[in-house]
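Notes to accompany the following structure.
The values are calculated or read from the model by the stated rules, or taken from the named source; none is laboratory data. Here the structure is a predicted model, which is why all the values come from computation and not from measurement. Here Cβ is always computed from backbone atoms with ideal geometry, including for glycine, and neighbour counts include all displayed protein chains. Accessible surface is based on the protein model in full, side chains and every heavy atom, while ligands, DNA and RNA are left aside. Shrake-Rupley method; radii C 1.70, N 1.55, O 1.52, S 1.80 Å.
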Amino acid sequence: MFHVIPAHQGRPADDPIFALNREATDRLARGEAVINATVGSLLHDDGRLAVLPTSSRILREVAADDWAAYAPIAGSPDFLKAVVDDLFVSEPDMRAAAVAAATPGGTGALRHAIANYLEPSQALLTTSFYWGPYQTLCDEADRRIATFDMFRGSGVEAALDTEALDRALTARVMDQQRVLLFLNDPCHNPTGYSMRPEEWRAVVERLCAHASEAPITLLVDMAYFAYAASDGRSFLKELRPLLGKVGLLFAWSASKTYTHYGLRVGALVACVPDAKERAATEAALSYSCRGTWSNCSRGGMKAVTRFLVEPELRAALDAERDDLKRLLGARVAAFNEHAPKHRLEYPRYEGGFFVTVFADDALERARRMRERGVFVVPQAPSATRRGSLRVALCSVAERDVPRLCEVLAS
């Protein structure tokens, strides 16, 4: 007799990415020559976790009472204001319409969006290549996931397939009279792709065309925006026509931006111009906080608020992060140099923690690669997606990139 409900029986005991990482780590500890391109944490070339020194120092300065005491349910007001002000520094209309709730990392923000903007059994819409936990979050919330073919064209000439998006929007409206669309940009996980302004404008055009048909909400997952090759907030100006027509959500995370993945500080930000709807949204998000994790880390929010509002700290953190961006940029440049020599097919890659190599035999190729001590994350093909290999270049030393590309092609 099983006491766990039938729908939850048979679920995997471990996340597949963490399972691959554990195997790679064990083999490395045994002295094997291993390249571990699975884990989404930025590492130095010697394998140490890359951590911003200033963020570590400020965390140690947080008073004991701030670590020990409960935070307000929806998050500390000064933290929420700091996030909104930082996010919309050049978008005053969005800032004026914004409400936010603190969440345990960006994942918590995604959870709140799924729970509050879709009815049970309805489907989240996202690109065919997506971060695997989107599916897990939907499963846990008794929602589903639907995808559209992310790319038209091939290789570095590929671009976002907005015609496929348009067809998917039509299908979601007809099927469930409501749409929640997740777009991860810039530095998309898992492909590394960053949309260009004209692509964002095309997305906005498609969303506006359907806005009168049903409630449509766009969530931008901004987990990696601080590592974009250019200004990670520049796309926001393209979203101006959506304000008041399409729901606008932003999943904001301190994890990558401040290199403290375990701190679990994030926020869901909603832009709602109508005052009555804005108050209802704020209440709904606060209620969801109470009904899941109750509240987030007061000490973590205290430190992150200082990161955001104190000019000297901001400058120091930006300079330290720029050093890490150069570290990552050198790996991106090396990959873009060596991958074409081995005829690897992948989308345009200008920055970010990950890149995806298309491979119709992804599962078998990943198995062969593990035999040679190179670990990547395979994705099986689907109706809207080719088979592929996700490569976490963030954890690969620059000197190992040539070997990585060679084995990827084998």
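Using the alpha-carbon positions of the stretch 36-172, Rg (one decimal) and Dmax (whole number) come out as 19.6, 55 Å. Extension gain, Ala275-Lys341: 0.36 nm per intervening residue step, less the Cα-Cα distance, totals 18.1 nm. Among the trypsin sites (Lys or Arg not before Pro) in the stretch 23-65, those placed in a DSSP loop whose Cβ has at most 15 other Cβ atoms within 10 Å are Arg30, Arg48. Each label was represented as a point 7 Å from its Cα along the Cα-to-Cβ direction; for Ser230 and Arg167 these points are 3.1 nm apart. In plain terms, the chain from Arg372 to Arg30 could stretch by 121.7 nm, reckoned as 0.36 nm per residue minus the Cα-Cα distance. Can you classify the stretch 276-410 as rounded, prolate or oblate using the Cα gyration tensor, where a ≥ b ≥ c are the square roots of its eigenvalues, rounded means a/c under 1.5, and otherwise it's prolate if a/b beats b/c and oblate if not? Judged from the Cα gyration tensor, the stretch 276-410 comes out oblate (a/c at least 1.5, b/c at or above a/b).
Of the cross-linked pairs Lys256/Lys302; Lys81/Lys302; Lys81/Lys245; Lys256/Lys325, which ones have a Cα-Cα span greater than 21 Å in the structure shown? Violating the 21 Å limit, Cα to Cα: Lys81/Lys245. For the stretch 1-75, GluC sites (Glu not before Pro) meeting the loop criterion (DSSP other than H, G, I, E, B) and having at most 15 other Cβ atoms within 10 Å: Glu32. Beta bridges from DSSP with both residues in the chain: antiparallel share about 55 percent, rounded to the nearest 5. Maximal additional length on extending the Glu198-Ala13 stretch stands at 62.4 nm, based on 0.36 nm per residue less the C-alpha distance.
Solvent-accessible surface of the chain, averaged per residue with a 1.4 angstrom probe and all protein chains in place: 43 square angstrom. The modelled label-to-label distance between Arg290 and Glu119, using points 7 Å beyond Cα along the C-beta direction, is 2.5 nm. When the solvent-accessible area of the chain is split by element, carbon and sulfur atoms take up 52 percent of it, the probe being 1.4 Å. Shown is the FRET efficiency for Arg240 and Leu49, computed with R0 = 30 Å from the Cβ-Cβ distance and rounded to the nearest 0.05: 0.20.
Taking chymotrypsin sites (Phe, Trp or Tyr not before Pro) as exposed when DSSP calls them loop and at most 13 other C-beta atoms lie within 10 angstrom, the chain has its longest site-free stretch at 71-410. How many percent of the alpha carbon pairs in the stretch 361-410 exceed a separation of 13 Å? Result for the distance tail: 56 percent.
Structural descriptor for the chain: relative contact order 26 percent, calculated from alpha carbon pairs under 8 angstrom and at least 6 residues apart. With q set to 0.15, 0.25 Å⁻¹, the log10 of I(q)/I(0) for the stretch 114-202, from the Debye formula over equal scatterers at the Cα positions, is -0.57, -1.31. Here's the picture: a label point sits 7 Å out from the Cα of Glu350 along the beta-carbon direction, and within the stretch 101-134 nothing has its amide nitrogen under 19 Å of it. In the context of the full protein assembly, Glu157 retains an accessible surface of approximately 150 Å², using a probe radius of 1.4 Å and ignoring ligands and nucleic acids. Within the stretch 67-96, whose backbone N sits under 20 Å from a point 7 Å along Cα→Cβ of Ala315? Taking a point 7 Å out along Cα→Cβ of Ala315, the residues of the stretch 67-96 whose backbone N falls under 20 Å are 86.
With only the Cα atoms considered, the chain has a convex hull volume of 156 Å³ per residue. Contact order, relative form, for the stretch 281-410: 23 percent (alpha carbon pairs under 8 Å, 6 or more residues apart, mean separation divided by residue count).
Is the C-alpha gyration tensor of the stretch 54-109 telling us rounded, prolate or oblate? Criteria: a/c under 1.5 is rounded; beyond that, a/b larger than b/c is prolate, otherwise oblate. Since a/c reaches 1.5 and a/b is larger than b/c, the shape of the stretch 54-109 is classed as prolate. Distant-in-sequence amide contacts of Ile35, defined by a placed amide H-H separation under 5 Å and a gap of 5 or more residues or a different chain, comprise Val374, Phe375. With the simple model of a label 7 Å out from the Cα in the direction of the Cβ, Ala96 to Ser212 spans 2.6 nm.
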